[in-house]
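The values are calculated or read from the model by the stated rules, or taken from the named source; none is laboratory data. Computed from a prediction, not measured in an experiment: that's the story for all the values here. A quick note on method: Cβ atoms are made from the backbone with ideal geometry, for glycine too, and the neighbour counts reach across all protein chains shown.
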Amino acid sequence: MTTHWFLGLEIANFPVKRILVDGGSSANIIFWEAFIQLKIDEKELTRVNYPMIGFSEATIFPEGSIRLPVQIGEGMTARDLMVDFLVIKVPAAYKVIVGRPFIHDAQAVISTYHLTMIYMSNFEKAERIRGSQESARSCYLTALKTPGRLTPSMNILRGAATKRPAKGQASKSEGEQSLLPKKEKSQKQESPTIESIEKGATLPRLEAGGEVEEIELVEGEEGRTVKIGTDIDPELRVNMIGLLREHADVFAFSAEEMPGISPDVIEHRLNVDRSIRPVKQKKRNFSTEKNQAIQEEVEKLLAAGFIEPCDYPEWLANVVMSMPEGLLPTAKNRQASRSTSGHTLLSFLDAFSGYHQVSLAKADKKKAAFITEGGVFSYKAMPFGLKNAGATYQKLVDIVFAKQKGRNIEVYIDDSIVKSELESDHVDDLRETFETLRRYQMKLNPKKCVFGVKSGKLLGFLVSERGIDANPDKVEAILSLPQPKSIKDVQRLIGRMAALTRFVSKSADRSIPFFNTLTQNGKFQWGETEERAFEKIKDHLRALPTIARPEEGDKLQLYVSASAQTIAAVLISEKDKVQQPIYFVSHILNPAEARYSLIEKIAYAVLIAARKLRPYFDAHTIEILTNFPLEKALQKMDTAGRLLRWAIELSEYDLEFHPRNAIKAQALADFVVEASYQEDEAKAESWEVSVDGSAAQSGAEAGVVMTSPTGDKFEYAIRFTFAASNNEAEYEAAIAGVQLCLLADAKRIVMTTDSQLVANQFSGEYETKEPSMRRYREKLKTLIAKLEAFEIVQVSRALNTAADGLEKLASSKAIELSRSVMIEIMHRRSTEDKGKEIMVITANTEWYDSI
């Protein structure tokens with residue numbers, strides 16, 4: 001790793017610390033926080049019209065540029081310069097970045113190895129200034145630990161191809177007062193090390209909340225400590241310390257102290273298809289830095305006994321240096337967060353080298369071999385990275401904690417949480433857990449374990465006795481976002497919002513303006529509507545509700561809501577006349593779903609909620625509170641189509657339907673109105689017509705399916721005896737559909753077709769060039785003039801199967817139909833004139849009649 005270092009300069013007659021020297025930056029930068037502290041009027045900024053890339057993984061437009069006096073050193077060693085700075089309004093772990101322009105003006109030479117910069121003073125003498133490595137590393141680690149801050153990164157600005165820095169939190173500068181003493185044992189959760197971050201170690205999925213202190217497992221041995229919470233009863237603290245010291249053998253401070261799980265309990269086997277020829281990869285070349293990191297890791301694994309040299313491998317792979325894995329929102333971790341909330345005391349446990357505690361079957365060792373510069377090695381223990389390694393380890397913890405899971409412990413892979421509803425029971429719950437671990441010889445990592453805390457971050461949520469809260473880091477990640485300036489920025493915003501949908505009421509409605517910016521054919525447009533939505537979502541995130549945890553046997557309530565484009569639902573629990581949300585569900589309707597009737601949308605909202613919240617619907621009676629006749633619509637004997645399918649799917653749950661009562665919780669205010677729009681009565685009286693036409697060697701044919709406002713269906717198959725192209729057949733089908741509806745006295749028609757040409761030529765999006773197509777288009781417009789309303793919608797062929805089947809019937813292909821079908825044969829194009837017919841009423845005798 002290239003060491004980043006900081007120095008102090010005097011800028012605009014103010015001493016400024018935490019200045020990053022970055023030889024890869026093409027500009028000198030002052031961050032907004034430092035600019036304000038320099039007490040410079042914003043009016044002195046010169047406008048800048050070009051963007052920069054590299055801050056917060058987004059394109060940033062500077063607030064402006066300014067020229068300021070800068071002094072390096074003091075007295076006889078000083079150098080005075082006038083430096084141009086760009087002012088950037090983004091969070092950062094430092095105050096100023098000085099880049100290549102500053103280094104050039106100062107005639108400076110930098111040595112990152114010696115943490116020294118040599119520059120020319122005002123007297124043309126070479127002087128030197130040193131930076132602080134300790135403060136640089138401290139700032140870097142702190143920045144990496146907390147999202148929402150910019151970490152030091154070389155290559156800050158390189159145009160469009162810049163390397164974007166990671167995110168982290170601002171650290172304390174030298175001389176700034178820390179909230180906690182540096183050498184005191186009472187401390188916050190341990191920061192990740194540079195080595196663990198650079199080598200791709202997975203960041204902890206569990207993190208305790210509140211302050212903790214370190215206690216010695218063996219008195220006098222300062223290196224063997226564990227963490228316990230400080231906010232617990234003194235008597236409980238004494239008992240917990242005694243318990244931890246009594247079971248000090250369940251902790252492993254090195255790999256030598258980890259015997260591993262007995263193969264009699266579990267052993268990982270590789271299910272290899274013997275018919276597949278083994279693959280032996282050629283050795284891949286890595287950079288010197290990567291080879292060094294690989295060699296160090298190999299030495300650690302050899303010392304721990306996890307790998308061994310291998311002379312004759314069956315399968316051989318190169319080393320893959322992976323980055324930290326992200327946490328996927330699986331159903332299992334959602335269950336863990338639900339089960340953990342509501343408990344007064346928690347203890348977070350982490351297994352020591354979890355996967356490596358499971359042995360690999362002897363017959364499979366040569367299949368798990370890898371090659372490095374130092375030779376060929378094979379795994380003796382189950383390695384990380386195998387596709388089913390996680391499943392094997394989950395099976396192990398399910399066996400080990402079979403009698404405790406769900407009662408006083410929750411386990412997710414190698415992370416565990418011991419939970420207690422009463423503080424007095426926590427020592428007993430821990431004792432039971434430690435005895436189980438001792439019996440199976442499973443070891444814990446003391447550096448990642450925290451005991452006796454009241455809250456903590458679990459798999460992306462903040463769990464505590466009062467319930468589940470949104471992760472503050474994820475909330476801050478959105479609040480700190482600047483206004484999006486590109487489609488990628490909008491995609492990043494939507495992605496971050498997706499992690500909080502459980503806590504956000506009607507998240508789909510709030511996101512629609514952002515989704516609309518993604519459907520502009522690649523053109524980015526950000527107007528007042530999007531800006532208002534952006535500010536509203538930030539305001540909403542600042543006051544997210546706490547999610548409740550339902551008790552066994554509770555009857556839960558479901559409020560639903562529908563709008564023209566979305567549906568939403570909220571599951572709530574009511575206790576002592578206080579309503580608390582459990583889960584918010586929201587869904588954006590696709591074009592077909594948007595055409596559902598209002599009652600169908602309400603039913604669909606219930607269905608989406610049941611699918612999303614199946615664990616709650618399975619375990620509880622659900623009261624659906626609605627003023628719509630939903631129960632009657634789902635239970636009618638003649639219910640057909642989608643409502644029938646939904647009714648069958650919902651029949652497995654214990655559902656009750658009740659009229660809406662007053663909403664008492666402020667968090668549910670969005671659900672006061674059940675339907676945010678009134679269904680258009682005129683649209684309800686429209687005829688729905690599906691048409692399709694095609695041309696083949698056997699001739700052209702068309703199909704028309706008409707559905708009246710009362711639901712009656714009429715099906716027509718038409719065969720043309722004249723030659724017609726595929727597009728002409730599509731037009732003939734559309735014209736026939738309108739003519740048939742006019743014969744039925746229809747006033748409003750909604751037509752669906754899978755012909756892109758017909759739909760777009762009629763709407764005017766496509767230009768009609770061919771004379772034959774122009775005649776068909778004019779004929780269709782002439783017929784439509786007789787209607788009050790007409791709408792044509794293009795759909796995919798998969799959604800137009802009924803009309804497609806009818807046109808196949810016209811060409812005598814066998815299909816299944818549910819009712820009688822009218823078949824018609826047309827001998828003349830609809831655009832052709834029928835000619836003039838002369839009707840003779842009387843006839844005179846002519847001379848040729850007798851011939």
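Could you tell me which numbered condition GLU715 fails, if it satisfies all but one of (1) under 16 Å from ILE823 (Cβ atoms); (2) of a type in the set (Asp, Glu); (3) not in a strand (DSSP E or B)?
(3)
Has the stretch 789-802 got any residue that is at pLDDT 80 or above and among the charged types (D, E, K, R)?
First, pick out the residues of the stretch 789-802 that are at pLDDT 80 or above: 789-795.
Now drop any that are not among the charged types (D, E, K, R), which leaves 791.
Yes, the stretch 789-802 has at least one match.
Sort through MET117, MET82 and tell me the only one that's among the hydrophobic types (A, V, I, L, M, F, W, C), farther than 30 Å from ASP489 by Cβ and surrounded by fewer than 18 Cβ atoms within 10 Å (Cβ to Cβ). Talk me through it step by step, then tell me what you get.
Values: MET117 fails: surrounded by fewer than 18 Cβ atoms within 10 Å (Cβ to Cβ).
Going through MET117, MET82 in turn, just one is among the hydrophobic types (A, V, I, L, M, F, W, C), farther than 30 Å from ASP489 by Cβ and surrounded by fewer than 18 Cβ atoms within 10 Å (Cβ to Cβ): MET82.
Pick out the one residue from LYS448, LYS443, LYS454 that is at pLDDT below 85, touching a strand residue (DSSP E or B) at 6+ places or on another chain (Cβ under 8 Å) and either within 21 Å of PHE253 (Cβ to Cβ) or of a type in the set (Val, Ile, Thr) (or both). Explain how you work it out, then say what you get.
Values: LYS443 fails: at pLDDT below 85; LYS454 fails: either within 21 Å of PHE253 (Cβ to Cβ) or of a type in the set (Val, Ile, Thr) (or both).
Answer to the check: LYS448.
Collect the residues in the stretch 39-70 that are crowded, with 16+ Cβ neighbours inside 10 Å and modelled with pLDDT of 85 or more, keeping them in residue-number order.
ILE40, LEU45, PRO62, GLU63, GLY64, SER65, ILE66, LEU68, VAL70 - these are the residues of the stretch 39-70 that are crowded, with 16+ Cβ neighbours inside 10 Å and modelled with pLDDT of 85 or more.
Suppose the filter is basic (Lys, Arg) and farther than 21 Å from SER505 by Cβ; does LYS636 pass it? Let's see the steps before the verdict.
Working: basic (Lys, Arg): yes; farther than 21 Å from SER505 by Cβ: yes.
When the stated conditions are applied, LYS636 passes them.
Out of all the residues in the stretch 281-303, is one or more in the same structural domain as HIS356 (by TED's automatic domain parsing), touching a Leu at 6+ places or on another chain (Cβ under 8 Å) and more than 28 Å from LEU444 (Cβ to Cβ)? Lay out the reasoning, then the answer.
Quick first cut of the stretch 281-303, residues in the same structural domain as HIS356 (by TED's automatic domain parsing) only: 281-303.
The next check asks that each one be touching a Leu at 6+ places or on another chain (Cβ under 8 Å); those that pass are 281.
Those left that are additionally more than 28 Å from LEU444 (Cβ to Cβ): 281.
Yes - at least one qualifying residue is present in the stretch 281-303.
Do you know which residues across the stretch 76-107 are assigned to a loop (DSSP other than H, G, I, E, B) and either modelled with pLDDT of 90 or more or among the hydroxyl-bearing types (Ser, Thr, Tyr) (or both)?
To start, the set of residues in the stretch 76-107 that are assigned to a loop (DSSP other than H, G, I, E, B) comprises 78, 89-95, 99, 106-107.
Residue satisfying the conditions is TYR94 alone.
May I ask you to list the residues in the stretch 94-118 that are in contact with a strand residue (DSSP E or B) (Cβ under 6 Å, 6 or more places away or on another chain), aliphatic (A, V, I, L, M) and under 17 Å from SER25 (Cβ atoms)?
Matches in the stretch 94-118: VAL96, ILE97, VAL98, ALA106, ALA108, VAL109, ILE110, MET117.
Residue check, ARG645 against (1) at pLDDT 90 or above; (2) in a helix (DSSP H, G or I), all met but one. Which one?
(1)
Taking TYR776, is it within 15 Å of ALA734 (Cβ to Cβ) and part of a loop (DSSP other than H, G, I, E, B)? Before the answer, list the steps.
Details: within 15 Å of ALA734 (Cβ to Cβ): yes; part of a loop (DSSP other than H, G, I, E, B): no.
For TYR776, the condition - within 15 Å of ALA734 (Cβ to Cβ) and part of a loop (DSSP other than H, G, I, E, B) - is not met.
Output the residues belonging to the stretch 363-395 that are in a loop (DSSP other than H, G, I, E, B), over 17 Å from PHE306 (Cβ atoms) and out of contact with any helix residue (DSSP H, G or I) (no Cβ under 7 Å at 6 or more places or on another chain). Steps first, please.
Taking the stretch 363-395 as the starting set, the residues that turn out to be in a loop (DSSP other than H, G, I, E, B) are 368, 373-374, 380, 382-388.
Now restrict to residues that are over 17 Å from PHE306 (Cβ atoms): 373, 387-388.
Result: LYS387, ASN388.
If you scan the stretch 245-263, which residues turn out to be among the aliphatic types (A, V, I, L, M), under 12 Å from GLN357 (Cβ atoms) and either at pLDDT 80 or above or not in a loop (DSSP other than H, G, I, E, B) (or both)?
Looking only at the stretch 245-263, we keep the residues that are among the aliphatic types (A, V, I, L, M), and these are 248, 250, 252, 255, 258, 261.
Subsequent filtering for residues that are under 12 Å from GLN357 (Cβ atoms) retains 252, 255, 258, 261.
Within the stretch 245-263, ALA252, ALA255, ILE261 meet the criteria.
Exactly one condition in (1) surrounded by fewer than 17 Cβ atoms within 10 Å (Cβ to Cβ); (2) of a type in the set (Gly, Ala, Ser); (3) modelled with pLDDT under 80 is false for ALA208; which is it?
Condition not satisfied by ALA208: (1).
Which residue pairs have Cβ atoms under 9 Å apart, sit 6 or more places apart or on different chains, and have a first residue in the stretch 566-583 that is surrounded by fewer than 19 Cβ atoms within 10 Å (Cβ to Cβ) and a second that is of a type outside the set (Val, Ile, Thr) and in a strand (DSSP E or B)?
Filtered contacts from the stretch 566-583: GLU574/LYS555; GLU574/LEU556; GLU574/GLN557; GLU574/GLN580.
Checking MET706 against (1) over 23 Å from GLU824 (Cα atoms); (2) within 43 Å of the chain's Cα centre (by Cα); (3) of a type outside the set (Phe, Trp, Tyr): exactly one of these is not met. Which one?
Evaluating MET706 over (1) over 23 Å from GLU824 (Cα atoms); (2) within 43 Å of the chain's Cα centre (by Cα); (3) of a type outside the set (Phe, Trp, Tyr) leaves (1) as the failure.
Looking only at residues in the stretch 575-608 that are of a type in the set (Lys, Arg) and part of a loop (DSSP other than H, G, I, E, B), which one is farthest from SER561 (Cα to Cα)?
Going through the stretch 575-608, the residues of a type in the set (Lys, Arg) turn out to be 575, 577, 595, 601.
From what is left, the residues that are part of a loop (DSSP other than H, G, I, E, B) are 577, 595.
Values: LYS577: 22, ARG595: 16 Å.
Among them, the one singled out is LYS577.
When the residues of the stretch 513-532 are narrowed to those that are within 19 Å of the chain's Cα centre (by Cα) and at pLDDT 85 or above, which ends up nearest to LEU589 (Cα to Cα)?
Ranking the qualifying residues of the stretch 513-532, first place goes to PHE515.
State which residue is modelled with the lowest pLDDT when the search covers only the stretch 619-642 and only residues that are of a type outside the set (D, E, K, R) and exposed (fewer than 15 other Cβ atoms within 10 Å of the Cβ).
Here is the first cut: in the stretch 619-642, the ones of a type outside the set (D, E, K, R) are 619-622, 624-630, 633-635, 637, 639-641.
With exposed (fewer than 15 other Cβ atoms within 10 Å of the Cβ) added as a condition, the list becomes 619, 621, 627, 629, 635, 637, 640-641.
Values: ALA619: 84, THR621: 91, ASN627: 84, PRO629: 84, GLN635: 78, MET637: 56, ALA640: 60, GLY641: 74.
Selected residue: MET637.
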